[in-house]
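What follows is a set of notes on a single structure, which appears directly below.
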Amino acid sequence: MRSNPRKRLFNLLFQILCIAGGFLVISPILYAVSVSFMDSDQILNTELSLLPRRIHFENYRIALSTTPLLRYMWNSLVIAGVSSVIRVLTASMAAFAFAFMAFRGKNIIFMLFMSTIMVPADCLLVTNYQTVSRLGLVNTYIGMMIVFCASALNILMMRQNFLSFSSELYDAANVDGCGNFRFFTRILLPLNKSVLTTVFISAFIGTWNTYLWPMLVTNKNEMRTVQVGITMLNFPDGTVYGPIMAAATIVLVPTILVFIIFKKQIVSGIMVGSVKG
């Protein structure tokens with residue numbers, strides 16, 4: 001059966017539009033990478049230059065020598081990695097309780113959890129800082145990551161995904177002697193790898209790019225995160241634009257690697273969500 005020419009033209013135009021939109025979104029990143037290889041004379045030139053006249057690695061040397069960027073990246077990696085794993089655990093366990101377990105006041109407690117989504121995070125900065133300070137967690141990894149270890153939005157996401165499974169499966173597992181912990185670890189989690197991966201990636205990228213909270217709870221240079229460390233290169237002298245872009249390019253590498261590693265899980269999660277929806 002021959003396809004409709006109008007439909008093929010529409011699909012072609014739609015693909016071109018998607019490619020153009022994707023290029024428009026990624027163009028600032030590509031330009032930042034290009035600037036990172038330019039010398040200061042070309043950067044400060046009044047004429048717009050999209051590509052470097054020659055590859056200039058000096059900006060990367062300045063970025064790595066002026067600030068302990070690798071130490072900052074390690075701090076961010078520890079905070080983002082550990083807190084993301086903990087968030088997946090806390091969100092999945094809470095979602096399991098709200099989806100399968102029956103207890104008094106479950107719906108009220110769940111609505112209270114969801115109401116926290118409406119509270120802006122900036123409104124809690126002072127109280128969170130006071131709590132962390134009183135616990136003696138300033139300038140510690142725990143103090144920086146503790147606010148990222150739970151998310152009501154992730155609980156909602158996992159609960160809705162768990163509800164797509166028949167409750168009869170849970171009842172049958174209980175009849176066969178499969179307890180809650182075994183059902184959770186052996187059946188539920190392996191069948192929901194896509195949503196677990198989605199939660200981990202979103203939590204990792206969000207924590208990696210966080211700037212304000214790590215800046216508040218750290219006053220030692222060796223405990224700074226990478227987003228805070230980049231700002232230390234931002235001096236009034238225009239010659240540092242290249243090193244700033246070089247540092248920003250280096251910072252992008254971990255998030256790109258995370259996306260590449262979990263690319264298949266992301267696509268499968270989108271496909272599963274579209275079929276279940």
Run Ala150 past the list (1) open to solvent by 80 Å² or more (accessible area, probe 1.4 Å); (2) not in a helix (DSSP H, G or I) and report the number of the one that doesn't hold.
(1)
Just for helices (runs of 4 or more DSSP H) wholly inside segment 14-130: which have at least 2 residues that are closer than 30 Å to Met245 by Cβ and open to solvent by less than 70 Å² (accessible area, probe 1.4 Å)?
40-43, 58-66, 69-100
So, in segment 106-145, exactly how many residues are among the hydrophobic types (A, V, I, L, M, F, W, C), closer than 21 Å to Val85 by Cβ and in contact (Cβ under 8 Å) with a residue 60 or more places away in the chain?
4
Residue check: is Phe162 farther than 30 Å from Gln227 by Cα, under 25 Å from the mean Cα position of the chain (by Cα) and either surrounded by 13 or more Cβ atoms within 10 Å (Cβ to Cβ) or of a type in the set (Phe, Trp, Tyr) (or both)?
yes
Go through the residues of segment 168-184 one by one and say whether even a single one is assigned to a loop (DSSP other than H, G, I, E, B), touching a Lys or Arg at 6+ places or on another chain (Cβ under 8 Å), surrounded by 15 or more Cβ atoms within 10 Å (Cβ to Cβ) and touching a residue at least 24 places away in the same chain (Cβ under 8 Å).
no
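The values are calculated or read from the model by the stated rules, or taken from the named source; none is laboratory data. What you are looking at is a predicted structure, and each value in this text was computed from that prediction instead of being measured. A quick note on method: Cβ atoms are made from the backbone with ideal geometry, for glycine too, and the neighbour counts reach across all protein chains shown. Heads up: the accessible areas ignore ligands, DNA and RNA and are worked out on the full protein's heavy atoms, side chains in. Shrake-Rupley method; radii C 1.70, N 1.55, O 1.52, S 1.80 Å.
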